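In what follows, a structure is listed as structure tokens, so that the remarks can point back to it.
The values are calculated or read from the model by the stated rules, or taken from the named source; none is laboratory data. Small disclaimer: the values here were computed from a predicted structure and weren't measured. Please note: Cβ atoms are built from the backbone with ideal geometry, for glycine as well, and neighbour counts cover all protein chains shown. Please note that ligands, DNA and RNA were not included when accessible areas were found on the heavy atoms of the full protein model with its side chains. Shrake-Rupley method; radii C 1.70, N 1.55, O 1.52, S 1.80 Å.
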Amino acid sequence: MSSEKRSGEFEVIAHFFAPLAKHPGALGLKDDVALLRPKPGYELVLKTDGLVEGVHFRKEDPAHTIARKALRVNLSDLAAKGAQPVGYLLTLALPEWVTDDWLAVFARGLADDQGIFDIALLGGDTDRTPGPLTISITAIGEIAEGKIIRRTGARAGDLVFVSGTIGDGGAGLAVLKGEGANLSAPLRDALIARYQIPEPRLKLGQALVGVASAALDVSDGVIADFGHIAETSNVHITIDAMRVPLSDACRALWGTSNEAVARAATSGDDYEIAFTAPPAKRDAVMAAAQRAGTPVTEIGRVEEGEGVILIDAARMEIPIKRAGFTHF
Ligand SMILES: [Mg+2]
């Protein structure tokens, strides 16, 4: 049924999505609902996040990477809470231009990531729309009762950490918009890949259970997201610009000035884990990073007060024009 037209709803579900529903609770997508029972002693962690054509992705982006990003931004939230993903619900609003061929590539993107993350489609809904293509995913994970890492637990004296490197997602978007024409193709591709296919830090998040005092995933930008922790935990956070980890590709694009770090720390789409931990847990943080195979960098300190500041080598505040990127 590969074609440049689109089949009816039931054919679309049977052909493209039923094969993804490899979980007994999905009931083969043949009922109105899905069933899910957490392991004894565990609780479910739920997250929903949508991608809208023209807001979060461009129509001309590959369907394969759109599918994977839609899934991964949700898995990234589960990761930062310490949860293990189980499955997801998928709601699609499809405009006229979405064909069976497009859906086949989209479904293959989901199938590839289901294999990587050991999850399955549990259910969903497919509608027609006169508006933009909209992909809404609800990811479901599980975690041992009471173990979730909240935003609320940061305390004065805690250390501030971030996984991986910061700014690559925003740099990838900048490259797609025409910046960095002088960069080598491998560097440009590396940045674009970081923007299009984020890496949810699931192993690290699970290793940080019982270690991190507060955590979230970086979607709006490091400054803005630590701002969320500062606000919900009622603390002040100072981030040392010199220690913010930038990739070689990001340095090649933006340099290493204070302004470059400020840009990296305020561009979104990193999908790294930003977290705090008490000083007594510093070794445990590094052991968790090693176990997960994910680099972690200490970049600041939690103090009494409110808000987030970025400071330079002389401990002077670096002015921030806009804390982060918002899709709203
Ligand atoms: Mg988040």
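One line per residue, one yes/no per condition, for (1) surrounded by fewer than 18 Cβ atoms within 10 Å (Cβ to Cβ); (2) closer than 23 Å to Arg322 by Cα; (3) under 19 Å from the mean Cα position of the chain (by Cα):
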{"residue": "Val235", "(1), (2), (3)": "no, yes, no"}
{"residue": "Thr238", "(1), (2), (3)": "no, yes, no"}
{"residue": "Trp254", "(1), (2), (3)": "no, yes, no"}
{"residue": "Tyr271", "(1), (2), (3)": "no, yes, yes"}
{"residue": "Asp283", "(1), (2), (3)": "yes, no, no"}
{"residue": "Ala287", "(1), (2), (3)": "yes, no, no"}
{"residue": "Arg291", "(1), (2), (3)": "yes, no, no"}
{"residue": "Val302", "(1), (2), (3)": "no, yes, no"}
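When Ala139 is tested against (1) within 16 Å of the ligand (Cβ to nearest atom); (2) farther than 22 Å from Ala63 by Cα; (3) modelled with pLDDT of 95 or more, exactly one condition is not met: (2).
Ala224 meets the stated requirement of being within 12 Å of the ligand (Cβ to nearest atom), under 13 Å from Ala265 (Cβ atoms) and under 18 Å from the mean Cα position of the chain (by Cα).
Among the strands (runs of 3 or more DSSP E) lying completely within segment 102-193, list those that include at least 3 residues that are out of contact with any Leu (no Cβ under 8 Å at 6 or more places or on another chain). Walk me through it before giving the result.
Working: elements: 120-128, 134-144, 159-163.
Output list reads 159-163.
The single condition from (1) touching a helix residue (DSSP H, G or I) at 6+ places or on another chain (Cβ under 9 Å); (2) more than 26 Å from Pro38 (Cα to Cα) that Leu121 fails is (2). Checking each residue in segment 78-94 for being open to solvent by 10 Å² or more (accessible area, probe 1.4 Å) and in a loop (DSSP other than H, G, I, E, B) picks out only Lys81.
Restricting attention to segment 108-136, report how many residues are of a type in the set (A, V, I, L, M, F, W, C), more than 19 Å from Glu60 (Cβ to Cβ) and out of contact with any Gly (no Cβ under 8 Å at 6 or more places or on another chain). Within segment 108-136, residues that are of a type in the set (A, V, I, L, M, F, W, C), more than 19 Å from Glu60 (Cβ to Cβ) and out of contact with any Gly (no Cβ under 8 Å at 6 or more places or on another chain) number 4. For segment 65-77, the candidate set comprises residues that are within 16 Å of the ligand (Cβ to nearest atom) and of a type in the set (A, V, I, L, M); within that set, the residue that is surrounded by the fewest Cβ atoms within 10 Å (Cβ to Cβ) is Val73.
Only residues that are within 17 Å of Leu121 (Cα to Cα), in contact with a strand residue (DSSP E or B) (Cβ under 9 Å, 6 or more places away or on another chain) and more than 16 Å from the ligand (Cβ to nearest atom) were counted across segment 25-64, and they come to 12. What do you reckon, is Val175 of a type in the set (A, V, I, L, M, F, W, C), closer than 20 Å to Ala224 by Cβ and open to solvent by less than 10 Å² (accessible area, probe 1.4 Å)? No: the conditions fail for Val175. Checking the stated criteria, Ala181 turns out to be open to solvent by 10 Å² or more (accessible area, probe 1.4 Å), among the aliphatic types (A, V, I, L, M) and more than 18 Å from Asp270 (Cα to Cα).
Leu202 - would you say it is touching a residue at least 24 places away in the same chain (Cβ under 8 Å), within 16 Å of the ligand (Cβ to nearest atom) and under 15 Å from the mean Cα position of the chain (by Cα)? Reasoning before the result, please.
Values: touching a residue at least 24 places away in the same chain (Cβ under 8 Å): yes; within 16 Å of the ligand (Cβ to nearest atom): yes; under 15 Å from the mean Cα position of the chain (by Cα): yes.
Here the answer is yes, as Leu202 does meet what is asked.
Count of segment 112-126 residues, restricted to those that are closer than 20 Å to Glu9 by Cβ and out of contact with any Asp or Glu (no Cβ under 6 Å at 6 or more places or on another chain), is 5. Would a scan of segment 7-18 turn up a residue that is in contact with a helix residue (DSSP H, G or I) (Cβ under 6 Å, 6 or more places away or on another chain) and within 16 Å of the ligand (Cβ to nearest atom)? Scanning segment 7-18 turns up no residue that is in contact with a helix residue (DSSP H, G or I) (Cβ under 6 Å, 6 or more places away or on another chain) and within 16 Å of the ligand (Cβ to nearest atom).
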